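Have a look at the structure below before the remarks.
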Amino acid sequence: MKSDPDSPEFELHSASARSEPPVLLADPQLRRIVRYASFAYPPLTLAWYHVAWLTAWAVLGHRPRYLLDDPKYIHWSVEIPSLIAHWMTLASFGILPLSALATSTLGWYAGGSSARRLRCILVDLSVLGLCWFGGILYLRADPFGIIDWYFD
C-alpha cells in the first residue's frame, strides 16, 4: 500500500529520512567553539584555584599556609575566585557528559563520509578525555599544594 504524496504522513516520513543536518549543527564555527570550550573547561577550573591562591598570597603578604589560612576567611577578594572554582568543580559532573554529547553530535554533523565523521568523533572524544584525565592527574599531584590548601 503506497502513501499519498500529498498526505501529512508522507511529508513526515520524507523529512525524517533526509540526511542533511540542521543548519545550526552544520556550522563549522559553532563546532569549533563547542570543541574549544569543552577542552578548556578542566584547565579553566584549575586556573580559578590558582587565582584564589595567588590572590590570597597578595592579600596575606606570604604564601597561604596549609591548615592556617582558610580561603573563606582571608578577604572577600579571595572568596570570589574560590567560589567560582568551587561551582565550576561541582558543575563538572554535569559538564563532562554534556560536552561529550555535544562534541560527538557536532562531529557527526561535520560532513563527509561515515569514516571521516567517525574519525572526528573519536578524535574529539579522545582529546576531551585527555583534557579531563590531565586535570584529574594535576589535582592528584598538586605540585604547589594549592588544592590541599583550598580543601583543608
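The values are calculated or read from the model by the stated rules, or taken from the named source; none is laboratory data. None of these values were measured; they are calculated from a predicted model. All Cβ positions, glycine included, derive from the backbone under ideal geometry; neighbour counts span all protein chains shown.
The residues of region 96-114 that are modelled with pLDDT of 85 or more and over 15 Å from residue 42 (Cβ atoms) amount to a single one, 101.
Annotation: residue 77 fulfils all but one of (1) in contact with a helix residue (DSSP H, G or I) (Cβ under 6 Å, 6 or more places away or on another chain); (2) at pLDDT 90 or above; (3) farther than 23 Å from residue 56 by Cβ; (4) surrounded by fewer than 16 Cβ atoms within 10 Å (Cβ to Cβ); the unmet one is (3). Residue-level analysis places residue 134 among those that are in contact (Cβ under 8 Å) with a residue 60 or more places away in the chain, out of contact with any strand residue (DSSP E or B) (no Cβ under 6 Å at 6 or more places or on another chain) and within 21 Å of residue 36 (Cβ to Cβ). Taking every residue in region 57-74 that is among the aromatic types (Phe, Trp, Tyr) and surrounded by 10 or more Cβ atoms within 10 Å (Cβ to Cβ) and pairing it with any residue that is at pLDDT 85 or above and assigned to a loop (DSSP other than H, G, I, E, B), at least 6 positions away or on another chain, the pairs with Cβ-Cβ distances below 7 Å are 57/63; 57/64; 66/145.
Those residues that are within 18 Å of the chain's Cα centre (by Cα) and surrounded by fewer than 14 Cβ atoms within 10 Å (Cβ to Cβ), I need them from region 101-126; list them, please. Steps first, answer last, please.
At the first step, the residues of region 101-126 found to be within 18 Å of the chain's Cα centre (by Cα) are 101-107, 120-126.
101, 122, 123, 126 - these are the residues of region 101-126 that are within 18 Å of the chain's Cα centre (by Cα) and surrounded by fewer than 14 Cβ atoms within 10 Å (Cβ to Cβ).
Pairing each residue of region 32-46 that is more than 15 Å from residue 135 (Cβ to Cβ) with any residue that is surrounded by 19 or more Cβ atoms within 10 Å (Cβ to Cβ) and among the charged types (D, E, K, R), provided the two are 6+ apart or on different chains, yields C-beta distances under 9 Å for 35/124.
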